[in-house]
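The values are calculated or read from the model by the stated rules, or taken from the named source; none is laboratory data. Fair warning: this is a prediction, and the values are worked out from it, not measured in the lab. Because the Cβ atoms are built from the backbone with ideal geometry, glycine has one as well, and the counts that use them run over all protein chains shown.
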Ligand SMILES: *Cc1c(COP(=O)(O)O)cnc(C)c1O
């Protein structure tokens, strides 16, 4: 009798040596990115105030594989390879005939997948002679990861933290500060973008779009001292996350399985793309039969109810314009929404994959998200980040359907982070303070009526 295994490890020598760039294999090239002022295609020179040359190269590169620098791979060894787990106890708890596996990125020092891209971004900026990085953070995972990466490479780190999170998550702010970063509640009076918002609404609790405007402005006006780093959405960020899927493929091979369904939650799309792109390559190039499923909150339904159009990346219209599924750059998620994944848009790669019907997208309401996350944590012993709870909810839906239909698919999902700093959200759920909220159609239509016009 073979022993039933739950944990599939890889040796450190199996940490990938190159990132996989799906731009090489997309059926058609990604739409060009536009300058927010001229609305003409951006040139590398337009982007130089914000990003170092190697990051700009990676953003537009159509090379299939890009080598991971040895210094970056050395730091990856602090937590990679991450484990692949067979969720046997969850399978039993929901009585499914499906096999469920998860890749656990919460073992990273920052508690989520975000460090996979923070490290190379800090590295390339250091190489380019930059003094420090500016960025935004919402729930705080990205601010944590970037402050750790800047600390490793001796860079200053300036984080604009969405004001509501700054006040609701003091411990998250304290971690970011522990690594030496400077944290500002956004909107702030440090930037023109922040002052303009405060003049209109002194009580603004902020949004990711506003915080991005502030961080971009600080870098752009620094005369080259600072550059800007983004933790999601952009092509190079999604590419850095491809190590998740590369490792998962090796681990599932060891487990003797191959996924029929791959599930990831989507904010800007990086953890989803990270686990999915190596499999999507096989689907595009070799016709591999696999369903790839993106999951988002019903309160921020970018992929399922937004439109595929050019929009600004930030609220003030300073960041480049990208063709993406969007709810409009002025979108502010409802205050009752506790689950993260609040960005108004989504990465160009994920938008194009959906438009090409290479992936599917679903939204889930937040009570189902927390109910599913609690089922998971009681079975498996790990508290999922609320974002990851969206993936868990969809996995449970798929697993219950499998039981009803008498099938036994292999389901792989990305447990992209733990929720140890999100216990106020769980607390609110247990106290019955959370409600479901589907974004009203009229509000979506009003925001979409304000989309910028372009001649592309
Ligand atoms: C940032 C974050 C997300 C959302 O970003 P993606 O780029 O869509 O992955 C999801 N889960 C966790 C744990 C995060 O930190």
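Out of the residues in segment 260-289 meeting the condition of being away from the ligand (no atom under 16 Å from the Cβ) and closer than 13 Å to residue 413 by Cα, tell me which one is farthest from the chain's Cα centre (by Cα).
260
Which members of segment 136-155 meet the condition of being crowded, with 24+ Cβ neighbours inside 10 Å and either assigned to a helix (DSSP H, G or I) or out of contact with any helix residue (DSSP H, G or I) (no Cβ under 7 Å at 6 or more places or on another chain) (or both)?
The answer is 141, 142, 143, 144, 145, 146, 147, 148, 149, 150.
Looking at (1) under 29 Å from residue 125 (Cβ atoms); (2) part of a loop (DSSP other than H, G, I, E, B), which is the only condition residue 71 fails?
(2)
Quick check: anything in segment 75-83 surrounded by 15 or more Cβ atoms within 10 Å (Cβ to Cβ) and more than 21 Å from the chain's Cα centre (by Cα)? Give the derivation first.
Going through segment 75-83, the residues surrounded by 15 or more Cβ atoms within 10 Å (Cβ to Cβ) turn out to be 75-76, 79-83.
When the remaining residues are screened for being more than 21 Å from the chain's Cα centre (by Cα), the result is none.
The answer is no; no qualifying residue exists.
Just for segment 343-352: of the residues that are within 15 Å of the ligand (Cβ to nearest atom) and out of contact with any strand residue (DSSP E or B) (no Cβ under 8 Å at 6 or more places or on another chain), which one is modelled with the lowest pLDDT? So that I can check it myself, show each step before the final result.
As a first pass, look at segment 343-352 and keep what is within 15 Å of the ligand (Cβ to nearest atom): 343-351.
Filter again for out of contact with any strand residue (DSSP E or B) (no Cβ under 8 Å at 6 or more places or on another chain), leaving 343, 349.
Values: 343: 88, 349: 97.
The qualifying residue modelled with the lowest pLDDT is 343.
One line per residue, one yes/no per condition, for (1) in a loop (DSSP other than H, G, I, E, B); (2) under 22 Å from the mean Cα position of the chain (by Cα):
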position: 19; (1), (2): no, yes
position: 28; (1), (2): yes, no
position: 56; (1), (2): no, yes
position: 92; (1), (2): no, no
position: 103; (1), (2): no, yes
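Name every residue in segment 435-454 that is surrounded by fewer than 20 Cβ atoms within 10 Å (Cβ to Cβ), touching a residue at least 60 places away in the same chain (Cβ under 8 Å) and assigned to a loop (DSSP other than H, G, I, E, B), in order of residue number.
Within segment 435-454, 435, 436, 437, 438, 450, 451, 452, 454 qualify.
Filter segment 105-122 down to the residues that are touching a strand residue (DSSP E or B) at 6+ places or on another chain (Cβ under 8 Å) and outside any loop (DSSP other than H, G, I, E, B), then identify the one that is farthest from the ligand (Cβ to nearest atom).
Residue satisfying both the conditions and the ranking: 122.
Residues in segment 324-339: is at least one at pLDDT below 95, within 13 Å of the ligand (Cβ to nearest atom) and touching a helix residue (DSSP H, G or I) at 6+ places or on another chain (Cβ under 7 Å)?
yes
Go through segment 359-389 and report how many residues are in contact with a strand residue (DSSP E or B) (Cβ under 7 Å, 6 or more places away or on another chain) and in a loop (DSSP other than H, G, I, E, B).
Counting residues in segment 359-389 that are in contact with a strand residue (DSSP E or B) (Cβ under 7 Å, 6 or more places away or on another chain) and in a loop (DSSP other than H, G, I, E, B) gives 4.
At pLDDT 95 or above and over 30 Å from residue 287 (Cα atoms): does that describe residue 52? Show your work before the answer.
Values: at pLDDT 95 or above: yes; over 30 Å from residue 287 (Cα atoms): yes.
So residue 52 fits the description; yes.
I'm told residue 129 meets every condition in (1) at pLDDT below 95; (2) out of contact with any helix residue (DSSP H, G or I) (no Cβ under 8 Å at 6 or more places or on another chain) except one. Can you identify the failing condition by its number?
(1)
Okay, residues lined up against (1) farther than 30 Å from residue 410 by Cβ; (2) within 16 Å of the ligand (Cβ to nearest atom); (3) buried (at least 24 other Cβ atoms within 10 Å of the Cβ):
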| residue | (1), (2), (3) |
| --- | --- |
| 217 | yes, no, no |
| 222 | yes, no, no |
| 228 | yes, no, yes |
| 234 | yes, yes, yes |
| 237 | no, yes, yes |
| 242 | no, yes, yes |
| 250 | no, no, no |
| 253 | no, no, no |
| 258 | no, no, no |
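Can you tell me how many residues in segment 58-72 are crowded, with 16+ Cβ neighbours inside 10 Å and more than 21 Å from the chain's Cα centre (by Cα)?
Here the count works out to 0.
Has segment 174-181 got at least one residue that is closer than 26 Å to residue 70 by Cβ and touching a residue at least 40 places away in the same chain (Cβ under 8 Å)?
Checked against the condition, which is being closer than 26 Å to residue 70 by Cβ and touching a residue at least 40 places away in the same chain (Cβ under 8 Å), segment 174-181 yields no hits at all.
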